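Scroll down for the structure; my scribbles are underneath it.
The values are calculated or read from the model by the stated rules, or taken from the named source; none is laboratory data. Because the structure is predicted, anything quoted here is derived from the model rather than measured. With ideal geometry, Cβ positions are generated from the backbone for all residues, glycine too; neighbour counts draw on all protein chains shown. In case anyone asks, the SASA skips ligands and DNA or RNA and just uses the protein heavy atoms, side chains included. Shrake-Rupley method; radii C 1.70, N 1.55, O 1.52, S 1.80 Å.
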Amino acid sequence: MSEPPGAAVSLAEAPPTDSPSKPLKAQRVQPLRRPGRWIATAVVLVLVAQILHGLATNPFYQWDRFRYWFLRPTVLDGLLVTLEVAALSAVLGLLGGILLALGRQSGSPVLRAVSWTYTWLFRSVPLIVVLIFLYNFSALYKTLSLGIPFGPAFVTFDESRLATDMTVAVVGLSLNEAAYAAEVVRGGILSVDQGQHEAAAALGLPRRYQFTRIVLPQALRSITPNYVNQLIGLIKSTSLVFYVSLLDLFGSVQTMGSTYPGDIVPLLLVATVWYLILTSAVSVVQYYVERYFARGATRTLPPTPLQKARAGLAEFRARLRREAAV
């Protein structure tokens, strides 16, 4: 088969290949300039500096009185009451929330209805109303008894002796917290893939073992951040127990503010700083708990703040060495 004329090209007629006339040189890569980011950063820094300057120089805050009240025994006693109420209510509320969440997932229509009604009721009623209602509970029931339903009572309790200020505060906060914790736990259980439930059931594992060893560890990755938000809200909600005659941190500050009206602002600052310390401590614990339950779910665990600081310092030293070499 003959080729069309002019189709063949000899090697002698082939065009010469392009060759660089100058040797290539390494060029420094310039970072992308972002003027908007620098402008926003400068504006934010100016605003922060103004706020800090106002806090430091405004005599209205009375920082000398703040230092006087910050570690006073009255304030520390109220802080201990806040910690005690928050810890007990958090544990009891979480346990109640787990039971309510399991009730919502139960096959019994009675358990589902009761759990739903409880959650609906306590999420609808303000916490201050629950506390005041429990504080006056003895007006409705003088005594509490244990015995046969609709029959004789074996043991009788004097409700007025049982309902101390601490008991009312813990019970009220726990009842309210359980309603919200139930939805947090139920959401975490629903976040577990259905195939995990089916695989556990196919292995013939007991229901209790399925929940404690397979479902719950996976659900905790979703439950932890949401419940810590609830826990932070619970710490702040303890300030309401002052209305049932329990002197917590806020109650102690409020009482001292009534006794020393001129120190009301530094006393409120004392309460603010202590609440910031408590919630910050909870946030630190949250970070490490989330990091613990992230094992197996992510390829690499997120670095701790100490690891971030070390990595940043190593990068800074490496940058200095590179610039010194140039």
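Overall form of the range 156-266: oblate. Here a/c, set by the Cα gyration tensor axes a ≥ b ≥ c, is 1.5 or more, and a/b is not larger than b/c. The Rg/Rh ratio of the range 42-85, with both radii computed over alpha carbons and Rh defined as the Kirkwood radius, is 1.23. Packing order of peptides 284-291, 217-224, 105-112, highest average first: 217-224, 284-291, 105-112 (average count of other Cβ atoms within 10 Å over each peptide's residues).
Ligands, DNA and RNA excluded, the heavy atoms of Leu306 present near 110 Å² of accessible surface to a 1.4 Å solvent probe.
Once the C-beta distance of Tyr243 and Glu84 is scaled by a Förster radius of 22 Å, the resulting FRET efficiency is 0.80 to the nearest 0.05.
Compared with the alpha-carbon gap, the fully stretched path from Gln50 to Thr259 is longer by 71.9 nm at 0.36 nm per residue. Accessible surface ranking for Phe66, Phe316, 1.4 angstrom probe, highest first: Phe316, Phe66. Full extension of the segment from Thr304 to Ala324, taken as 0.36 nm per residue of separation minus the current Cα-Cα distance, would add 4.2 nm.
Shown for the range 161-242: the carbon plus sulfur share of the solvent-accessible area, taken with all protein chains present and a 1.4 angstrom probe, equals 55%. Between Tyr68 and Leu190, the simple label model (points 7 Å from Cα in the Cβ direction) yields a spacing of 5.5 nm.
Mind ranking Val170, Val91 by accessible surface for me, highest first, 1.4 Å probe?
Result of the area sort, largest leading: Val91, Val170.
In a fully extended conformation the segment linking Lys142 and Arg317 would gain 55.7 nm over its present Cα-Cα distance, using 0.36 nm per residue.
A straight line joining the Cα centroids of the range 245-259 and the range 44-90 runs 14 Å.
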